[in-house]
1. Report the FRET efficiency, 1/(1 + (r/R0)^6), for B:Glu68 and B:Arg143, where r is their Cβ-Cβ distance and R0 is 25 Å, rounded to 0.05.
2. Once the other residues with Cβ under 13 Å from the Cβ of A:Ser400 are scored (Lys, Arg +1; Asp, Glu -1), what is the net sum?
3. When the helices in chain B are scored as -39500 (n - 2.57) per DSSP H run of 4 or longer and the sum is shared across all residues, what 222 nm value do you end up with, to the nearest 500 deg cm²/dmol?
4. Given the pairs A:Lys350/B:Lys98; A:Lys429/A:Lys451; A:Lys186/A:Lys313; A:Lys313/A:Lys451; B:Lys46/B:Lys98; A:Lys138/B:Lys126, which span a C-alpha to C-alpha distance of over 30 angstrom in this model?
5. Quickly estimate the mean residue ellipticity at 222 nm for chain A, helices only: each DSSP H run with n ≥ 4 gives -39500 (n - 2.57), and the total goes over all residues, rounded to 500.
6. Within 11 Å, Cβ to Cβ, of A:Glu189, how many net charges do the neighbouring residues add up to if Lys/Arg are +1 and Asp/Glu are -1?
7. Starting from 0.36 nm per residue, how many nanometres of slack lie between A:Lys416 and A:Lys32 once their C-alpha separation is accounted for?
8. With every protein chain left in place, what is the accessible area of A:Trp333 in Å² (1.4 Å probe, nearest 10)?
Amino acid sequence: MKIRIDRIDACRWRIPPFGKMRTEGLVFATEKMLRALEQEQALEQVCNVATLPGIVGPSIGMPDIHWGYGFPIGGVAAFDPAEGVVSPGGVGYDINCGVRLLRSRLSVGELNGLRERLADTLFRNIPCGVGSQRRDLKLSRQDENRVLSQGARWAVNQGFGTLEDLDRIEEQGCLPEGRPELLSEKALERGRSQLGTLGSGNHFIEVDLVAEIYDETAATALGLFRDQVTVTIHTGSRGLGHQVCDDFLRVMHRASQKYGIELPDRQLCCAPLSSPEGKEYLAAMACAANFAFANRQLITAWVRESFERVVEKGPADLGLSVVYDVCHNIAKWETHPFDGRERRLCVHRKGATRAFPPGHPDIPAVYRAVGQPVLIPGDMGRYSYVLVGTQEAYKETFGSTCHGAGRVMSRHAAKKEARGHRIAAELAKQGIIVRAAGYATLAEEISAAYKDVAEVVGVVQEAGIGKIVARLQPLIVIKG
Amino acid sequence: MAGQKRSARGSLVNFRFLEHTADMGLEVTGATLEDLFLHAAEGLRKMILGEIPAGSPDREERITLAGEDVEELLVTWLNELLFLFETRRFVPLTFGIKRIGREELTALVGGTTFAEGRFRVLREVKAVTYHLLTVEKKNRGWRARLYVDL
C-alpha cells in the first residue's frame with residue numbers, strides 16, 4: 001500500500017488520515033530511516049492503529065519503529081476511557097518487557113583480570129537456557145499469586161533487594177490492579193517454572209562501562225560517572241506474559257465481533273476499556289507486568305551476588321544500586337494534558353518507553369529536577385544510552401520515547417551476514433566477553449542486524465522527546 | 001531453509017521459513033488438513049531445535065483443542081506444543097492426529113524429554129501469532145502462512 005507521508009521537519013513526519021483512520025499518524029525518523037521503513041509494513045501498522053475507536057491524539061511511531069504484530073514495535077497510542085479500546089496487540093506478547101540499570105561504585109579498572117570469571121559466574125547464576133531454573137527458588141501457588149499482586153515488592157520481601165530499589169522502578173514495581181484469578185492454569189504453570197529466568201532472543205544482561213557523559217548535571221543526579229561499571233538487565237514476563245497475551249487474544253477476537261469493532265488486522269483485536277473484557281485484560285496484564293518487575297528484581301539480586309563473589313567486596317563497597325527500571329511493552333492509565341485540559345487516558349506503549357519530564361510527581365524525588373531516566377539498549381557490539389524525559393515528550397507523545405535500536409535485518413539475513421565470522425572471538429578483540437545459551441543467538445544478534453542506536457537517540461534528542469545523558473559500552477554480554 | 005524429507009509417518013514434510021525483520025514466519029502446505037497441522041508442528045520444532053537426532057517416542061501427550069475457526073485452531077495447536085516444550089520439556093516426535101475439523105482437534109503426540117547434549121536450542125519462540133495469518137484450501141490441498149514472536 002502506498003501511504004502519503006508529509007515532512008514536518010528534519011525528524012517528524014505526518015501521515016494525513018485516509019480511509020478509516022480516525023486520526024493522523026506521527027512518525028519520528030530521519031529521511032534515511034523513513035525510506036527503509038517503506039520497505040516493510042510498519043507505516044501501514046501506524047495507520048491501522050489510527051483506525052481504532054476512541055484514539056486520542058495521533059498514532060505515533062518512534063525512531064526505532066519496525067514491523068510488529070498488530071501495533072508496530074515502537075508504537076504509542078492513547079485511548080479515551082469512555083470511547084476507547086485496549087488491545088493486547090498494543091502491548092505485545094512479552095508484557096512489561098523492560099530494562100533496568102544498576103550503577104556501582106566500581107571503576108572499570110577494578111574489573112581487570114576478573115572479567116572472564118565474572119562472565120562465567122553471571123552466566124551460571126542467572127538461568128537463561130530452556131528449562132534452566134535456580135534450584136533455590138521454588139514457587140508455590142500461593143507465592144505465585146503474591147508475585148502477581150505485589151510485583152517487585154514480593155521479591156524484596158523475600159530478601160531479594162532493598163526497599164530503596166522499589167523507589168527507582170516505574171510504578172514502584174507494582175501495578176495494583178492485578179487480579180491473579182483471571183490467569184489461566186497454563187499461564188500460572190509457565191510462570192512457576194520461569195520466574196527468575198532471563199529468556200532468549202534480544203534479552204540480555206550486560207556489564208557496561210560509562211564511556212561518555214553528555215549532561216553532567218543529569219548524570220550526577222543519576223549517580224553516573226565516567227569509567228564507572230554499570231549493569232543493564234533486559235527481560236520481561238517470560239512464558240506467563242506470552243500466555244496471558246495469547247489467552248486474551250482469543251477473548252478479544254470474540255469481543256471485537258461482539259462490540260462491532262472493525263479490524264484491519266486480526267492481531268489488533270480489542271475491547272472497549274469500559275467493557276468487562278477490556279477491564280479483565282488490563283487486570284491480567286497487570287499481573288504479568290508485576291511478574292516481570294519481580295523477575296528483574298530477582299535477577300538484580302543474583303547480579304549482586306555474582307559481583308560480591310568475584311570482586312570480593314561487600315554490598316556497601318560495590319554499591320550496586322538501581323538507577324531506574326522502565327517498562328517498554330505496557331498499557332497504563334495515566335493523566336496527560338491534551339487539548340488544554342488534563343485527561344485520564346490508557347496509553348499503550350509497545351516498544352516505547354515512558355519519558356516523564358522534570359517535575360512530574362510520578363518520578364522519584366531524587367530525579368525530579370532532571371526528569372525520568374530512560375534506558376535505551378543498543379546491540380551487543382556497540383553501545384547503549386541513558387536519557388531523561390522532557391516536557392516536549394510530555395506534550396507531544398504522551399510522555400513517551402523510543403526503546404532500543406530496532407532490527408533492520410531478518411534472522412536469516414543476519415546469519416548469512418555472520419557466516420565466516422567467529423563472533424565471540426571478534427567481540428573479545430573489542431574487549432567484549434560474550435556468553436550465550438542459544439546456538440543461533442550470537443549470529444542472529446550481530447550488531448549489523450540492528451539500527452545504530454546512536455542514530456535512534458540522535459533523532460529523539462533532535463525532536464526533543466528525550467535528552468541524552470550518557471553512553472554505555474559493553475564489557476560483558478550474557479545472552480539467553 | 002525448506003524442509004523436504006519423509007517424516008516418521010511417511011508423509012512429505014513441506015514447509016519453509018519466511019523472512020521478517022524482527023521475527024520469523026512459516027509457510028506450510030499439506031494434502032489434507034491433518035497434513036497441514038502435522039507439517040506446521042514439524043516446522044515449528046525445526047525453528048526451535050533445528051535438525052534433531054533420530055529417536056523413538058518414550059512419552060505421550062494427549063491434546064484436545066477447539067478454535068473458533070481453522071486459523072485459531074492452528075495457532076492454538078502450535079502454542080499448545082510450545083507450552084508442552086517450555087513447561088514439561090516435551091520434544092514432539094510423532095503427531096497422531098486422531099480427529100480434526102475446522103474447529104476442533106484431538107491428537108496423541110509422541111515425544112521425548114528435552115535433554116541438553118542430545119538436543120540443542122537454536123532460538124526460543126515466545127508465541128505463534130495471528131499476524132498476517134492465512135489458512136487456505138486450494139485445489140490440490142491446504143496452505144498456511146503464519147508468523148511467530150521471537
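The values are calculated or read from the model by the stated rules, or taken from the named source; none is laboratory data. If you're wondering where the values come from, they're calculated on a predicted model, not measured in any experiment. All Cβ positions, glycine included, derive from the backbone under ideal geometry; neighbour counts span all protein chains shown. Heavy atoms of the whole protein, side chains included, go into the accessibility calculation; ligands, DNA and RNA do not. Shrake-Rupley method; radii C 1.70, N 1.55, O 1.52, S 1.80 Å.
1. Plugging the Cβ-Cβ distance into 1/(1 + (r/R0)^6) gives 0.80.
2. Neighbour charge sum, excluding A:Ser400 itself: 0.
3. -8000 deg cm²/dmol
4. Violating the 30 Å Cα-Cα cut-off are A:Lys350/B:Lys98; A:Lys186/A:Lys313; A:Lys313/A:Lys451.
5. -10000 deg cm²/dmol, from helical runs alone.
6. Residues near A:Glu189 contribute +2 overall.
7. Numbers: separation 384, 0.36 × 384 = 138.24 nm, distance 2.37 nm.
Full extension from A:Lys416 to A:Lys32 adds 135.9 nm.
8. Number for this one is 80 Å².
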